[in-house]
Amino acid sequence: MGNNASTSSAPTHPPRKKKSSATSSDGIKSLRSTRSSSTGRASPRSSSTERAASPGGSARPHRLLPETPRRNGSAPSRLSPNSPRPIIDRRSSSAHLTSIQNQLILKSWKRSQRTGLDCVGSKTFMNIFRREPSLKKLFGLEGTAESQLKYDARFRAHASSFTRTIDFVVKNLDDMDGISAHVQDLGRKHVLFQSRGFKPQYWDIFAESLTECAIDWEGGVRCREAMAAWRILIAFVIDQMRLGFDRERALAFEIRKISMRSSSPSPAPPLLMQNNGDDE
């Protein structure tokens, strides 16, 4: 029996692997991965069925939307049918537009362009600056009088960019997911304007100013149905821009916290602290 006891061996267990500590760069990569899944972007290689079944999606592509060719500075062309279709989280509003409302918006937009496409953006920005003059600082126009704005190259550039965005939205009313991805990207870029004084409440001013311009296109109350459609679309666009802005701002805040933790000095070991006390 003694021999049996000595020859029998205790069951062995594989050694446990030690968990490595996460570095600050790993934390930042994890945050970026979390943001990509929270926006619900699906991989271009996955099928539409897989994207619908997996709200989390996979890592987002390098660009939200493919660069669309333009002809002689014209508005962006329509989305390609082969473009990735992300699953969008429409947090508080959704553009439930009927086919009739889409047609009303298209006709209204064509009427607005009779005075020139860039004139639409100019009127919108004029309304914005009248409602909130401090917004001129965001665009470096705080020292420019209102009567001289239309001659300023910076003002014309911003007005033209804004008009192209609205033109893109109107031309893609049959693809609300594509519109959502595009304007959320614009909202994320506005985080850079925080250092110049951008405030979240400015989104409401943008919405009110654009709605006021739409009323002008319709000649006041010429078509109540068209105005109702414009209000739905404008609310949707501004809400999606706000969503992109909020998510990017939250991500930037978390990255700053990780960077601060990684750069802070480590506390002295207890033994060293005890020796220093004995020396005193």
Of the listed links LYS137/LYS189; LYS137/LYS199; LYS150/LYS171; LYS110/LYS189; LYS150/LYS189; LYS136/LYS189, those spanning more than 22 angstrom between alpha carbons are LYS150/LYS171; LYS110/LYS189; LYS150/LYS189
Restricting to Cα pairs under 8 Å and 6 or more apart, the percent relative contact order of the stretch 98-257 works out to 33 percent
Dipole check, the stretch 98-257, charges on Cβ (K,R +1; D,E -1), about Cα centroid: among LEU243, PHE253, ALA157 the Cα furthest to the positive pole belongs to ALA157
Karplus ³J(HN,Hα) for the stretch 126-137 (6.51 cos²θ - 1.76 cosθ + 1.60, θ = phi - 60°; Hz, whole; x = Gly/Pro) runs 4, 4, 4, 5, 5, 6, 9, x, 5, 5, 4, 5
Per the rule of 0.36 nm per residue minus the C-alpha distance, extending SER161 to GLU208 adds in nm 15.1 nm
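Just so you know, all these numbers are worked out from the coordinates, no wet-lab data involved. On a predicted model such as this, the values are computed, not experimentally measured, just so you know. Please note: Cβ atoms are built from the backbone with ideal geometry, for glycine as well, and neighbour counts cover all protein chains shown.
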